[in-house]
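Heads up, the thing below is written out as structure tokens.
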């Protein structure tokens with residue numbers, strides 16, 4: 001079954017495009033927005049599942065590395081939201097689902113999903129490790145710039161100030177750098193035919209939502 005799916009990466013990317021397009025429309029309409037907000041955790045799991053389907057040569061190392069990235073991402077977020085010391089003063093809303101220590105369990109999945117797909121994307125442009133760390137971390141910050149207004153609008157999280165602090169972007173850059181290095185040193189290059197496309201799809205998803213929310 002899995003091998004059959006792997007034969008159609010282009011078709012899978014198109015399916016993901018349609019899936020996110022439906023989500024885009026659902027979140028843009030006031031009447032359907034609450035339903036699609038509730039589906040956000042499932043979308044993260046759905047996306048991670050497809051990444052797993054297309055990961056070549058999955059072994060114990062990738063599973064353990066994925067677990068480590070999840071735990072580090074979750075722990076950093078938990079420390080951050082409870083202390084304000086890493087990203088700034090913020091609080092999580094209801095959209096990302098069940099919380100432990102004021103931190104949604106899905107936030108670790110989000111970090112894993114983004115770091116994995118971002119690392120795969122950087123490999124298209126350069127094989128230099130240092131450049132990939134810097135480029136990948138910068139991409140993650142750009143992603144967060146697009147994400148923040150949407151996250152606030154959809155009650156993923158909210159800030160205790162009028163604007164997102166610069167500290168948040170510095171925290172994203174450093175956290176991404178750490179996680180990218182861990183992924184590289186543990187797994188190395190990633191062969192996944194849909195991972196780069198998924199990162200771009202999600203990035204464009206938030207950019208377009210920003211535009212829609214700005215004019216709505």
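Quick note: the coordinates plus some simple rules give every number you see, no bench work behind them. Everything numeric in this text was worked out from a predicted model, so none of it was measured. Note: ideal-geometry Cβ built from the backbone for every residue, glycine included; neighbour counts use all protein chains shown.
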Out of everything in region 206-216 that is in a helix (DSSP H, G or I) and more than 18 Å from the chain's Cα centre (by Cα), what residue ends up being surrounded by the fewest Cβ atoms within 10 Å (Cβ to Cβ)? 215
Selection status of residue 110, under 26 Å from residue 55 (Cβ atoms), touching a strand residue (DSSP E or B) at 6+ places or on another chain (Cβ under 9 Å) and assigned to a helix (DSSP H, G or I): yes
Please state which one of 127, 161 is closer than 20 Å to residue 92 by Cβ and part of a loop (DSSP other than H, G, I, E, B). 161
Return yes when residue 46 is under 14 Å from the mean Cα position of the chain (by Cα), under 16 Å from residue 114 (Cβ atoms) and part of a helix (DSSP H, G or I) and no when it is not. yes
Among the residues of region 9-20, is there at least one that is in contact (Cβ under 8 Å) with a residue 12 or more places away in the chain, surrounded by fewer than 17 Cβ atoms within 10 Å (Cβ to Cβ) and under 17 Å from the mean Cα position of the chain (by Cα)? yes
Checking the condition touching a residue at least 12 places away in the same chain (Cβ under 8 Å) and farther than 15 Å from residue 175 by Cβ, which residue from 89, 144, 59 passes? 89
Restricting to region 92-103, give me the number of residues that are crowded, with 19+ Cβ neighbours inside 10 Å and in contact (Cβ under 8 Å) with a residue 60 or more places away in the chain. 3
Inside region 55-91, can you point out the residues that are surrounded by 16 or more Cβ atoms within 10 Å (Cβ to Cβ), under 21 Å from residue 198 (Cα atoms) and under 16 Å from the mean Cα position of the chain (by Cα)? 66, 69, 70, 73
If you go through region 162-189 one residue at a time, how many are closer than 23 Å to residue 58 by Cβ and either without any contact (Cβ under 8 Å) to a residue 12 or more places away in the chain or in contact with a strand residue (DSSP E or B) (Cβ under 7 Å, 6 or more places away or on another chain) (or both)? 2
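To keep it simple, each residue is scored yes or no on (1) touching a helix residue (DSSP H, G or I) at 6+ places or on another chain (Cβ under 7 Å); (2) surrounded by 16 or more Cβ atoms within 10 Å (Cβ to Cβ).
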| position | (1), (2) |
| --- | --- |
| 129 | yes, no |
| 151 | no, yes |
| 163 | no, no |
| 168 | no, yes |
| 172 | yes, yes |
| 175 | yes, yes |
| 190 | yes, yes |
| 198 | yes, yes |
| 204 | no, no |
Being over 18 Å from the mean Cα position of the chain (by Cα) and either surrounded by 22 or more Cβ atoms within 10 Å (Cβ to Cβ) or free of Cβ contacts under 8 Å to residues at least 24 places away in the same chain (or both) is the filter here, so list the residues in region 109-126 that pass it. 125, 126
